[in-house]
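The values are calculated or read from the model by the stated rules, or taken from the named source; none is laboratory data. Bear in mind the structure is a predicted one, so any value in this text is a computation, not a measurement. Heads up, the Cβs are rebuilt from the backbone with ideal geometry, glycines too, and the neighbour counts pull from every protein chain shown. Accessible surface is based on the protein model in full, side chains and every heavy atom, while ligands, DNA and RNA are left aside. Shrake-Rupley method; radii C 1.70, N 1.55, O 1.52, S 1.80 Å.
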Amino acid sequence: MESPIFKQATKGLELQSELMPVLFIGHGSPMNGIEDNEFSRTWAVMGTEIPRPSAVIVISAHWLTKGTHVTAMDFPETIHDFRGFPPALNEVQYPAPGHPLLAAELESLVKSTPVFQDHDWGLDHGAWTIVRHMYPDANIPVLQISIDYTKGPEYHYRLASELYELRKKGVLILGSGNMVHNLRLMSWEMINGGGYDWTLHINNKFKELIHDNNFGALVNYKSLGPEAQMAIPTPEHYLPLLYTLGLKGPKDNVSFFNDKAVGGSLTMTSVKISVP
């Protein structure tokens, strides 16, 4: 017999009275998935403050593909894509359903590039470590969209805008990465909080550009100088931010949360885009 959650997940989505917010969340260490800390508590509160979504779509820094893919299985597996962490983290299961009909709708919405339905990936730690705090009952469908590593920032920013209609259907679209993410320069002395001067400076610059709606500069981040290059040595943790910004509408406001540097060269700064 099909579960009630699965029946809900196989229904089409209808227009909602409220426009769903969009989030970019700095996910940081996988340990945030099981720890009760300032970041995970904020994620839990966020899950109660925004409208209950009909589904969640995550663009995670940890699913890189050639081409753009969307998970389309009935029940995505929980992927433990990390090493060297306590067994308790590897034992976590987040049994949220998928939503094959939503995956098909997303495929039809995007006109700029083919979207391939995927039945092998699941939910990686960029997704489940956050969503399990927001929706601990695992009763909301969760999908992931991959990051095409062969494409530049402009591609990802424009692709996001094609998903705007899903906000009208109550879908929470969530970018998961980190604005500043340079693991090679991490300081264990600052692991519980603190950032290098360049980290704080470029993070504030990113926030200033977001606040001023200067998204073009953020898309062309390589022109922002050497500090941006240090903050984004590889783009996969930064590109989910561009998906969030690409979904901003004319009436949306922007706010920041979990605005903190950790480990010297990583920031947890997160963004909420919503109609006031």
Margin query: Which lysines, if any, have their Cα less than 20 Å from the Cα of Lys248, not counting same-chain residues under 8 positions apart?
Written below: Lys111, Lys168, Lys169, Lys205, Lys207, Lys272
Checklist line | Distance (nanometres) between label positions extended 7 Å along Cα→Cβ at Glu77 and Leu101 | finding: 2.7
Margin query: When only alpha-carbon atoms are used, what values of Rg and Dmax, in angstrom, describe segment 1-151?
Written below: 15.3, 45
Next item on the list: Please give the solvent-accessible surface of Glu91 in Å², to the nearest 10, using a probe radius of 1.4 Å with every protein chain present.
Entry: 130
Next item on the list: Could you tell me whether segment 42-117 comes out rounded, prolate or oblate from its Cα gyration tensor? Rule is a ≥ b ≥ c as square roots of the eigenvalues, rounded for a/c under 1.5, then prolate if a/b exceeds b/c, otherwise oblate.
Entry: oblate
Item checked: Projected area, mean over directions - segment 83-221, Cα convex hull, nm² -> 11.0
Note to self: Given the DSSP H assignment, sum -39500 (n - 2.57) over each helix run of at least 4 residues in the chain and divide by its residue total; what's the result at 222 nm in deg cm²/dmol, nearest 500?
What the structure shows: -8500 deg cm²/dmol
Margin query: Let's see if you can work this out: charge +1 on each Lys and Arg Cβ, -1 on each Asp and Glu Cβ, no other charges. What is the dipole magnitude of the chain about its Cα centre, in debye to the nearest 20?
Written below: 520
Margin query: Taking the solvent-accessible surface of protein heavy atoms with a 1.4 Å probe, what is the per residue accessible area of the chain in Å²?
Written below: 44
Next item on the list: Might you work out the accessible area of Arg132 for me, using a 1.4 Å probe with all protein chains in place, and round it to the nearest 10 Å²?
Entry: 70
Checklist line | Size of electric dipole in segment 83-191: Cβ of Lys, Arg +1 and of Asp, Glu -1, about Cα centre, debye, nearest 20 | finding: 240
Margin query: Given Cα positions, please report Rg to Rh for segment 208-276, the hydrodynamic radius being the Kirkwood one.
Written below: 0.96
Notebook entry, point to check: If you project the alpha carbons of the chain onto their three principal axes, what span does each projection cover, largest first, in Å?
Noted result: 56, 43, 37
Next item on the list: Would you list, by chain and number, the aspartates and glutamates whose Cα falls below 14 Å from the Cα of Lys260, excluding same-chain residues fewer than 8 positions away?
Entry: Glu38, Asp197
Next item on the list: Round to the nearest 10 and report in Å² the accessible area of His69, as given by a 1.4 Å probe over the protein chains' heavy atoms.
Entry: 40
